[in-house]
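The values are calculated or read from the model by the stated rules, or taken from the named source; none is laboratory data. What you see is a predicted model, and the numbers here were worked out from it, not measured in a lab. Methodologically, a virtual Cβ is constructed for each residue, glycine included, from the backbone with ideal geometry; neighbour enumeration extends over all protein chains shown. Side chains included, ligands, DNA and RNA excluded: accessible areas come from the protein's heavy atoms. Shrake-Rupley method; radii C 1.70, N 1.55, O 1.52, S 1.80 Å.
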Amino acid sequence: MRLWRLFTSVNFAVVQIVAVAVLAVFGMTIRQLPGFAFRSAADYATEMNKLRSIYEPVLKVGGVDLLERLQLFHVFTSTPFSVALLVLAISILLCTLDRTPRLWQQSATIRVVQPDAYFDPKLPDRVSIAAGPGLTPGAVTTALRRGRFSVREVVGPAGATFVYGDRNRWTKLATLISHLGLILFLVAGLVTARFGDEQGLVVAEGDTLTVQPIGTPGLLLVQNLGFDAPGLDTGSPSDFTTDLAVYSDGVQLARKTIRVNDPLTAGGYTFHQNGFGPAPDIEIRSTLDDSVLWSGPVPLTDAAGGRPFGAIPIPGRPYGLELLLDRGEGGVGTLFALPYAVRGTLPDGTPDVIEAPFPYAVVNGATVNMEGLDLSLSLRGFSQYTLLIAKRDPGQPIVWAAFLSLIVGLAITFYLPRRRIWARLRADGRLDLVGRADRQVDFDREFGSLIDALVAARATPRPDRGAVP
């Protein structure tokens with residue numbers, strides 16, 4: 001019972017909402033790890049190093065370590081946030097269960113016969129109409145049914161007849177539908193946080209890339225079959241599209257030319273066109289045995305001095321190449337390659353990188369030998385990479401159900417409020433009325449119309465002008 005009272009307490013609900021809000025503020029304020037950072041330990045370390053370079057100058061190493069342990073660099077997929085959503089959902093569910101018997105009792109229990117004090121004209125929304133030949137139980141019933149009221153008639157004490165009209169009797173139960181919507185919203189957030197996936201995929205033209213970690217059953221791969229950006233040569237592309245294919249276990253699931261706001265959905269993921277950039281097509285060979293160490297486009301996803309920049313480790317060698325794309329004399333595209341090597345880790349946790357004293361420059365169709373490295377670099381052409389956002393959101397159908405439940409519940413509650421009329425026709429023919437509504441939605445007008453109809457039905461003949469009052 002203590003747990004029940006705790007979870008059905010409004011104060012506890014406020015505390016939970018504040019806790020979720022505080023975590024959400026952290027998630028929106030602190031830069032979060034991208035989804036692909038959790039694909040491997042190496043990806044996680046790389047992305048965390050980027051965050052450390054941002055926050056360690058201010059928070060120091062200890063502060064960043066504390067934020068990492070508290071999972072504040074991935075708040076919306078963290079254990080505290082998931083637990084907070086789960087507890088809030090349970091609390092709303094228990095509050096709903098706690099209110100359901102009372103709501104049912106209020107809607108199901110109807111008291112037609114009311115005591116004399118209930119019809120006291122000094123109270124609000126009370127009317128008393130003088131007796132008349134037209135004021136009969138049948139006239140009252142007819143007037144109520146014209147107003148779409150369901151009617152009950154009971155003969156009470158002292159020869160009085162009680163007529164009860166009820167409209168939208170079960171409206172209060174619509175609160176349960178709204179509560180269901182809130183619960184579904186929280187469940188959707190929890191499902192998406194724990195089982196959803198969102199990550200950026202950089203796929204050069206002609207290349208393939210895995211969507212999920214290697215070893216995942218039904219592993220998905222995407223292939224960039226072609227990229228097009230009309231007007232790119234002028235510097236003002238009018239559109240950009242990617243001919244994208246999705247495979248699972250070697251079988252093509254779907255293929256489509258996607259563009260912004262026209263994604264491809266396959267294998268439980270939706271692939272959105274998000275951006276593009278240059279990817280020079282290079283070939284790296286060993287000058288010792290002429291073996292190919294690398295062959296293909298290299299996406300330049302970063303920038304240095306406003307120019308496309310990227311890096312590539314050379315397979316089988318303890319060093320790599322930093323690549324910078326620029327325009328040389330006459331506007332000719334030139335690729336600058338600067339060898340680098342990682343000697344270890346600095347005290348602040350960042351890589352200790354040494355670079356060659358000067359870069360090598362190569363133009364389209366040319367080859368340059370890198371003396372001392374036993375390498376040759378050939379630039380075979382320029383292509384483009386496409387940046388995709390792959391998103392899997394298992395909570396999306398639940399969100400739509402939650403939205404529908406919330407809208408339906410609120411619409412019923414606010415636009416179909418309950419109206420009730422109690423009428424008592426005394427033995428002497430006088431009619432007493434009481435009108436009640438959960439919310440005042442033109443009820444004064446409706447109640448006034450009913451009174452006008454009953455006054456008209458009263459049909460009391462005018463007294464003779466010569467008669468003594």
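The table for this structure:
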read-out: With every protein chain in place, the chain: carbon and sulfur % of accessible area (1.4 Å); value: 60 percent
read-out: With DNA, RNA and ligands ignored, accessible area of residue 55 (1.4 Å probe; Å², nearest 10); value: 40 Å²
read-out: Accessible-area ranking of 26, 7, largest first, probe 1.4 Å; value: 26, 7
read-out: Residue order for 104, 422, 170, 294 - accessible surface, 1.4 angstrom probe, largest first; value: 104, 170, 294, 422
read-out: Solvent-accessible ranking of 48, 1, largest area first, probe 1.4 Å; value: 1, 48
read-out: Label point distance in nm, residue 290-residue 11, each placed 7 Å from Cα along Cα→Cβ; value: 8.5 nm
read-out: Difference of contour (0.36 nm per residue) and Cα-Cα distance, residue 430 to residue 225; value: 65.1 nm
read-out: Extension gain (nm, one decimal) between residue 150 and residue 18, 0.36 nm per residue minus Cα-Cα; value: 43.1 nm
read-out: With 20 Å bins from 0: P(r) over the chain, alpha-carbon pairs, percent; value: 17, 33, 21, 16, 10, 3, 0
read-out: Cβ-derived FRET efficiency at R0 35 Å, residue 232 paired with residue 354, nearest 0.05; value: 0.45
read-out: Å² per residue, accessible surface of segment 1-107 at 1.4 Å; value: 60 Å²
read-out: Estimated inter-spin distance, residue 128 and residue 262, nm [label 7 Å along Cα→Cβ]; value: 7.6 nm
read-out: Solvent-accessible surface (1.4 angstrom probe) belonging to residue 25, in square angstrom, nearest 10; value: 80 Å²
read-out: Theoretical ellipticity at 222 nm over the chain - DSSP helices of four or more residues, -39500 (n - 2.57) apiece, nearest 500; value: -11000 deg cm²/dmol
read-out: Rounded accessible area per residue of segment 339-396, 1.4 Å, Å²; value: 55 Å²
read-out: Residue 353 accessible area, assembled protein chains, probe 1.4 Å, Å²; value: 70 Å²
